[in-house]
Amino acid sequence: RAVTGKPIKFAGMGEKLGDIEPFHPERMASRILGMGDVMTLIEKAQENIQIDEKEATDLAKRMKNADLSLEDFLTQMQQIKKMGPLSGILKMLPGMSQLGDIDIPDDAMKKPEAIIRSMTPKERRHPEVLNASRRRRIAAGSGTTVQDVNQLIRQFEESKKQMKMMMNQMKGKRGRFRFPMR
């Protein structure tokens, strides 16, 4: 800008044509300083995620009761995929740049998606019905291992627990909110 006297209108945030974004100096400074870029993340979400009011209300109710299903999890994964590469999304969150260069493959969500799609609607809504033979069938149908299926179910249950803790914290029913230690 100093050399040409012309304003900067766009900035390339990656190698693809879709990675060109309007230039906002304060957002760029925020990214450089490792404070993330939540405004751009919100704008991307609004552009790419289409959700109707009834669906949003139902999801909010289920979140409030920590009654999310694997169908909700699958829907959320699909919506996140529409926003672009996962590593790019994570870089926009405050504090994530401090973790170093985040290298998440573009196909990172393919395995969990394949596992969930290999389940019956009942299994997606009620994962507690998954016994050993169902898990073997799901693993065979998704081209993964039983350990992969078990890991996804554990992660899902853990995220449900954390969601319940957060909702209880927001209601003020419990003491301080603490993340479980591993």
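The values are calculated or read from the model by the stated rules, or taken from the named source; none is laboratory data. As the structure is a computational prediction, the values presented were derived from the model and not from experiment. Please note: Cβ atoms are built from the backbone with ideal geometry, for glycine as well, and neighbour counts cover all protein chains shown. In case anyone asks, the SASA skips ligands and DNA or RNA and just uses the protein heavy atoms, side chains included. Shrake-Rupley method; radii C 1.70, N 1.55, O 1.52, S 1.80 Å.
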Problem set entry | Out of Lys61, Lys54, Lys16, sole residue that is modelled with pLDDT of 80 or more, open to solvent by 60 Å² or more (accessible area, probe 1.4 Å) and of a type in the set (Lys, Arg) | Lys16
Exercise. Of the residues Ala45, Ala29, which is modelled with pLDDT of 70 or more and either surrounded by 13 or more Cβ atoms within 10 Å (Cβ to Cβ) or assigned to a helix (DSSP H, G or I) (or both)?
Worked result: Ala29
For this session: Could you please give the count of residues in the stretch 122-133 that are open to solvent by less than 70 Å² (accessible area, probe 1.4 Å) and either of a type outside the set (Asp, Glu) or in contact with a strand residue (DSSP E or B) (Cβ under 6 Å, 6 or more places away or on another chain) (or both)?
Result: 6
Exercise. Taking the condition at pLDDT 70 or above and open to solvent by less than 100 Å² (accessible area, probe 1.4 Å), does Met92 pass?
Worked result: no
